[in-house]
Amino acid sequence: SIISVVHCFYFRGGAELLFDGVKKHQVTLPCQPEPWDIRNLLKWIKQNLLKEQPELFMQGESVRPGILVLINDADWELMGELDYKLQDQDNVLFISTLHGG
């Protein structure tokens with residue numbers, strides 16, 4: 001069955017400044033025939049949550065270098081990065097390690 005699932009997205013380390021300063025977003029993603037993966041999630045975040053300077057968050061279809069992505073507290077590199085299929089109740093954390101001078 002196709003259900004929409006609720007996810008929490010967290011933005012830290014300055015990344016939240018691109019999202020109106022909001023650090024936690026609880027989101028119900030729209031239903032779609034294929035499971036949501038991180039690649040599609042990033043497009044959705046860019047279109048629906050990102051308020052300013054998308055180039056500081058995204059590069060191409062991925063996050064820009066310097067943004068750490070954790071899925072349920074594990075590095076997304078261990079989870080398949082853009083191809084990771086979101087599960088119900090997943091927590092995705094984006095931490096900017098870039099600090100301006």
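The values are calculated or read from the model by the stated rules, or taken from the named source; none is laboratory data. Keep in mind the model is a prediction, meaning the values are calculated, not measured. Cβ placement follows ideal geometry from the backbone for every residue including glycine, while neighbour counts extend to all protein chains displayed. These area figures cover heavy atoms from the full protein model, side chains too; ligands, DNA and RNA do not enter into them. Shrake-Rupley method; radii C 1.70, N 1.55, O 1.52, S 1.80 Å.
Considering only residues that are in a strand (DSSP E or B), of a type outside the set (A, V, I, L, M, F, W, C) and open to solvent by less than 50 Å² (accessible area, probe 1.4 Å), which ones fall in segment 11-49? Hits for segment 11-49 are His25, Asp37.
For segment 1-10, filtered to residues that are in a strand (DSSP E or B) and modelled with pLDDT under 90, the residue that is farthest from Met58 (Cα to Cα) is Val6.
In segment 13-34, the residues that are at pLDDT 90 or above form Cβ pairs under 6 Å with partners that are surrounded by 13 or more Cβ atoms within 10 Å (Cβ to Cβ) and of a type in the set (Asp, Glu), at six or more places apart or across chains, as follows: Lys23/Glu16.
If you filter segment 50-101 down to residues that are in a helix (DSSP H, G or I) and at pLDDT 95 or above, you find that the one that is surrounded by the most Cβ atoms within 10 Å (Cβ to Cβ) is Trp76. Set side by side, the residues Ile38, Ile95, Ile67 differ, and just one is in contact with a Phe, Trp or Tyr (Cβ under 7 Å, 6 or more places away or on another chain), under 21 Å from Gly21 (Cβ atoms) and in contact (Cβ under 8 Å) with a residue 40 or more places away in the chain, which is Ile67.
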